[in-house]
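Engineer: Below are the structure tokens for one structure; questions will follow.
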Amino acid sequence: MNSERNDGDRGSVAPRPGREAITGAVGRGGRRRGRRRGEQPVVPDAEFTSYYGKPVLNGPVWKVPDVPGYLFLGGLAGGSSLLAAGYHATGHHRAATAAKVGALGSIGGSVVALVHDLGRPSRFVNMLRVVKPTSPMSMGSWLLAVYGPLSGLSAASAVTGLLPRVGVAATAGAALTGPAVASYTAALVADTAVPAWHDAHRELPYVFVGSGAVAAGGLSLMTATHRSETGPARHFALFGTALEVAATRLAEHRLGMVAEPYRQGRSGRLVRVGEALAVAGTASAFLARRGRLGRVLAGAALLTGSALTKWGVFEAGRVSAADPKYTVVPQRQRLRRREQAARQAGDGAPA
């Protein structure tokens, strides 16, 4: 079809309004062009929809609760290894042993959840046949293959007392790779077309690391046998809570309408309850320094809050993939901004 028309008066060619044309465009003074003062619009403002309300994207097919559990347990393992190294360096050997065992159990559960979601263990093994730096799944598989044995050696040495030098080296290695284990899953979900995940690729790693620190602090509070062992756990939980809440707020501010699933509906409730439990658990950890029961309750709140936050992020992605407006409306807005920038650059170019 011909997309141009001739202007008989000027002899110029003007573009025909295309799909991006806005019906009843607003001119200067806030009035629609061609409408007299005081007139009311006959046709209501159009709202975005898609054909038959069908989603534009194929939503994630990951299983529940496998993948939310995989995200949560990976963060717990990475945070626990980092906290275990701190306990070991400061001479809190009982707390360090508990954190090392917790890290091993968490990464084991995370791998089990991942393999169950994949369907067959061979699919996980097949991902280790190649090294693809551009694939978060490939690099994450290799990261788990390195971190898992390190956390296992660290925990085994701490429990049995055998090979202490090997245990120290494994503890250091697990602590170095722990933050990557806690954050690579954020890169994994952000490397998709799901709007709530992809658009938040800058902030999600900080949210996941903060959530992992919250969970690790909660686990250490629950397993601590002496009040002197709870100090690092409290401060670690405080750090994680502050990082998680700050990164979430920054993402909500930057994403605009795409951040609605993080604030509204079931996914929004999960995220908000998770944040509230993290804040409440951290405050309780500092208030209940002497009471064993108070520390256990604070730790349980931190663990539950971290799990709900990860589940909320997962659900927010599914909601944004199911609703086509979160895909199409931001694309149109970006296209209009690029067109405006191109016009401004053309107007400012020398003749």
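The values are calculated or read from the model by the stated rules, or taken from the named source; none is laboratory data. Given the structure is predicted, the values throughout are model-derived calculations rather than measurements. Cβ coordinates were reconstructed from backbone atoms using ideal geometry, including for glycine residues, and neighbour counts include every protein chain displayed. Calculation scope for accessible area: heavy atoms of the full protein, side chains included, ligands and nucleic acids excluded. Shrake-Rupley method; radii C 1.70, N 1.55, O 1.52, S 1.80 Å.
Engineer: Among the candidates R234, R249, R254, single out the residue that is in contact (Cβ under 8 Å) with a residue 40 or more places away in the chain, farther than 15 Å from G75 by Cβ and either open to solvent by 40 Å² or more (accessible area, probe 1.4 Å) or among the aliphatic types (A, V, I, L, M) (or both).
Structural biologist: Details: R234 fails: either open to solvent by 40 Å² or more (accessible area, probe 1.4 Å) or among the aliphatic types (A, V, I, L, M) (or both); R249 fails: in contact (Cβ under 8 Å) with a residue 40 or more places away in the chain.
After applying the criteria, what remains is R254.
Engineer: Filter region 336-351 for residues that are open to solvent by less than 60 Å² (accessible area, probe 1.4 Å) and in a helix (DSSP H, G or I); which is nearest to D199 (Cα to Cα)?
Structural biologist: Let us first name the residues in region 336-351 that are open to solvent by less than 60 Å² (accessible area, probe 1.4 Å), namely 341, 346, 349.
Right, trim to in a helix (DSSP H, G or I) and you get 341, 346.
Details: A341: 21, G346: 29 Å.
Once the filter is applied, the top-ranked residue is A341.
Engineer: Moving on to the next point. Within region 210-229, can you find the residues that are at pLDDT below 90 and in contact with a Lys or Arg (Cβ under 9 Å, 6 or more places away or on another chain)? Let's see the steps before the verdict.
Structural biologist: Filtering region 210-229 down to residues at pLDDT below 90 leaves 224-229.
Once the filter is applied, which keeps residues that are at pLDDT below 90 and in contact with a Lys or Arg (Cβ under 9 Å, 6 or more places away or on another chain), region 210-229 yields A224, T225, H226, R227, E229.
Engineer: Here is a further query. How about region 150-161: which of its residues are in a helix (DSSP H, G or I) and not aliphatic (A, V, I, L, M)?
Structural biologist: Of region 150-161, the ones in a helix (DSSP H, G or I) are 150-160.
S151, G152, S154, S157, T160 - these are the residues of region 150-161 that are in a helix (DSSP H, G or I) and not aliphatic (A, V, I, L, M).
Engineer: Of the conditions (1) in contact with a Gly (Cβ under 7 Å, 6 or more places away or on another chain); (2) open to solvent by 70 Å² or more (accessible area, probe 1.4 Å); (3) among the aliphatic types (A, V, I, L, M), L303 fails just one. Which one is it?
Structural biologist: Among (1) in contact with a Gly (Cβ under 7 Å, 6 or more places away or on another chain); (2) open to solvent by 70 Å² or more (accessible area, probe 1.4 Å); (3) among the aliphatic types (A, V, I, L, M), the lone unmet condition for L303 is (2).
Engineer: Of the conditions (1) assigned to a loop (DSSP other than H, G, I, E, B); (2) surrounded by fewer than 24 Cβ atoms within 10 Å (Cβ to Cβ), A200 clears all except one; give me its number.
Structural biologist: Condition (2) is where A200 drops out.
Engineer: Ok, one more. Residues L114, L118, L83, L104: which one is free of Cβ contacts under 8 Å to residues at least 60 places away in the same chain and over 21 Å from the mean Cα position of the chain (by Cα)? Let's see the steps before the verdict.
Structural biologist: Details: L114 fails: over 21 Å from the mean Cα position of the chain (by Cα); L118 fails: over 21 Å from the mean Cα position of the chain (by Cα); L83 fails: free of Cβ contacts under 8 Å to residues at least 60 places away in the same chain.
Every option except L104 fails the conditions.
Engineer: Quick one: which residue in V273, V313, V296, V279 is touching a residue at least 60 places away in the same chain (Cβ under 8 Å), surrounded by fewer than 23 Cβ atoms within 10 Å (Cβ to Cβ) and not basic (K, R)?
Structural biologist: None of the others qualify; the one that does is V296.
Engineer: Yes or no: region 275-289 includes at least one residue that is at pLDDT 95 or above, under 20 Å from A186 (Cβ atoms) and assigned to a helix (DSSP H, G or I).
Structural biologist: Yes, region 275-289 has at least one match.
Engineer: Working only within region 263-312, note down all residues that are within 16 Å of the chain's Cα centre (by Cα) and of a type in the set (D, E, K, R).
Structural biologist: Correct list: R263, R269, R272, E275, K310.
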